[in-house]
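First the structure, which I've put down as structure tokens, then a few questions once you've had a look.
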Amino acid sequence: MQGTLSKLGLRHPLIVAPMAGGPSSPALVAASSAAGALGSVGAAYSSPAAIAEFVQTVRARTDRPFAINLFIQHPQPKVDAAALERAVRATAGYRAELGLPTPDLAAPYEEEFDGQFEAVLRAKPAVLSFVFGVLPAEHMRAARDAGMLIIGTATTPEEALALEESGVDAITLQGYEAGGHRGIFDPSAEDSETGLEDLLARSLGRIKVPLIAAGGIMTGSDIQAVLAKGASAVQMGTGFLATAEAGTSAPYRAALEGSERKTRTTRAFSGRFARGVENRFMNEVDAAAVMPFPAQNKFTRDIRAASTAKGSPDFLSLWSGTGKGELWQGSASDLIARLFPATP
């Protein structure tokens, strides 16, 4: 670990990625941190009370540092009646198949950020991380006063510069290979599709704070390669999805089986670009029927929940990166030991 990241006292230069919506269970966060990495609470969809409860469960299992991750909030999108009707028509067959009623969509479409942030301040994790933009200055000051290290996420060198100027302690460089939501600042923007190697090369020298490499990293040799190229640490998510402690559902785990996973980015599930394993919903939903984030995310929540309950991966957001190879199904601590075999 370099610079400010060394203050965390981690044994390994590894962040286990925040995977909101299930995989980042309290057990996975605690096990990752206890094993010398930095576990991450994916709190983007959580209420303040749920954040507090999650943190309490983690702290009952470990006294090691961990991160809490939030989504930077943007103005609520305007969803007109015509857009909603297109989305309803496009998903009517799926809801009929799953035995779901026609949805009643209304704002707000997501948890209120300030309430989540206050819960994080009360929890006082070692690290606050975030995606989708720059943390407002008043929140930055409050997090700093609470003693947290602050990590932002960038998908381009320009986003990285904006984060550095805002005062973050480190930046996660999210390559196009990474699974889950792309951290693009502008929710309506096209994806630059910048790969990790290019993103790291173009950011080194321009950015002075530590850089954390994310995207397609699966093995110990992958880790050593990006560290040798100048990254201070790595962030891994996909590699931990099948671990014993992960809250990954049974149909999600089944979709991840095998050494090859066909993934691509889509807006179909949430309205924002995100990378996952191709499935029926991703391939059939017309982009013209997708509402903006986070309205689309709320709109498809019942479909995803019913798909899980049915044991079907057809309508799930199966977030996964481009990394190949069978996923480790043992404990997170054993996986971390395999990734860093020479580390005392």
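Which peptide among 175-183, 270-278, 334-342 comes first, and what is the full order, when sorted by highest mean count of other Cβ atoms within 10 Å?
Ranking, from highest mean packing down: 175-183, 270-278, 334-342.
Could I ask something else about it? Counting Lys and Arg as +1 and Asp and Glu as -1, what is the net charge of the other residues whose Cβ lies under 13 Å from the Cβ of LEU161? Numbers along the way, then the final one.
Details: positive: ARG202, ARG206, LYS208; negative: GLU158, GLU159, GLU164, GLU165.
Around LEU161, the charge tally is -1.
Checking the a/c ratio against 1.5 first, then a/b against b/c, what shape does the Cα gyration tensor give for the stretch 204-344?
Verdict is oblate for the stretch 204-344.
May I ask you to list the lysines whose Cα is less than 24 Å away from that of LYS78, ignoring any residue fewer than eight positions away on the same chain?
Cα-Cα hits under 24 Å: LYS298.
Going Cα to Cα from LYS7, which lysines come in below 26 Å? Please leave out same-chain ones fewer than 8 positions away.
Result set, ordered by chain and number: LYS124, LYS208, LYS229.
How long is the gain from LEU100 to ALA225 if the chain were fully straight, where each residue apart is worth 0.36 nm and the alpha carbon distance is subtracted?
On the way: separation 125, 0.36 × 125 = 45.00 nm, distance 4.77 nm.
My answer for the length gained is 40.2 nm.
If each residue of separation counts as 0.36 nm, what is the full-extension length gain between ALA49 and ALA289 once their alpha-carbon separation is subtracted?
83.0 nm
Ok, one more. Where does the charge balance sit around GLN73 when Lys and Arg score +1, Asp and Glu -1, over other residues with C-beta under 10 Å from its C-beta?
Summing Lys and Arg as +1 and Asp and Glu as -1 gives -4.
Given 0.36 nm per residue, what is the gain on full extension from ASP114 to ARG280 after removing their alpha carbon distance, in nm?
So the extension gain works out to 56.2 nm.
Report the local net charge at VAL226: Lys and Arg +1, Asp and Glu -1, summed over other residues whose C-beta lies under 15 Å from its C-beta.
Spelling it out: positives minus negatives among the neighbours equals -2.
If Rh is defined by the Kirkwood formula over all Cα pairs and Rg also comes from Cα, what ratio Rg/Rh do you get for the stretch 7-68?
Working: Rg = 10.7 Å, Rh = 11.3 Å.
Expressed as Rg/Rh, it is 0.95.
Right, another one. Roughly how many Å is it from the Cα centre of the stretch 1-35 to that of the stretch 230-259, as a whole number?
14 Å
OK, next. I need the shape label for the stretch 274-344. Rule: rounded when a/c is under 1.5, else prolate if a/b > b/c, else oblate, with a, b, c from the alpha carbon gyration tensor.
prolate
Now for a separate question. What nm distance separates the two modelled labels at SER259 and ALA60, each placed 7 Å from Cα along Cα→Cβ?
Distance between the two pseudo-spin positions: 4.2 nm.
Further question on the same structure: As an exercise, take the mean of 1/r over every pair of distinct alpha carbons in the stretch 1-130, invert it, and state the Kirkwood radius in angstroms.
Final number for the Kirkwood radius of the stretch 1-130 is 16.8 Å.
Where q = 0.12, 0.15, 0.20, 0.23 Å⁻¹, what log10 of I(q)/I(0) comes from the Debye formula for the stretch 172-248, counting one point per Cα?
The Debye formula, applied to the Cα set alone, gives -0.36, -0.55, -0.90, -1.09.
Quick one: how many Å² of SER232 are accessible to a 1.4 Å probe, rounded to 10?
Number for this one is 10 Å².
List the residues of the stretch 115-138 whose backbone N lies under 15 Å from a point placed 7 Å from the Cα of ALA146 along the Cα-to-Cβ direction.
115-131, 135-138
Another question about this same structure. Heads up, I need the accessible area for LEU14: 1.4 angstrom probe, whole protein in place, Å², nearest 10.
Accessible area, nearest 10 Å²: 0 Å².
Give me the one-decimal nm value for the distance between modelled label points at ARG89 and ALA342, 7 Å along each residue's Cα-to-Cβ direction.
My value for the distance between the label points is 6.1 nm.
Roughly how many percent of the accessible protein surface of the chain is carbon and sulfur, given a 1.4 Å probe and a whole-percent answer?
Using a 1.4 Å probe with all protein chains present, the chain comes out at 52 percent carbon and sulfur.
The values are calculated or read from the model by the stated rules, or taken from the named source; none is laboratory data. If you're wondering where the values come from, they're calculated on a predicted model, not measured in any experiment. Every residue, glycine as well, gets a Cβ built from its backbone with ideal geometry; the counts of neighbours run over all protein chains shown. For the accessible areas, the whole protein counts, side chains as well, though only heavy atoms, and no ligand, DNA or RNA atoms are used. Shrake-Rupley method; radii C 1.70, N 1.55, O 1.52, S 1.80 Å.
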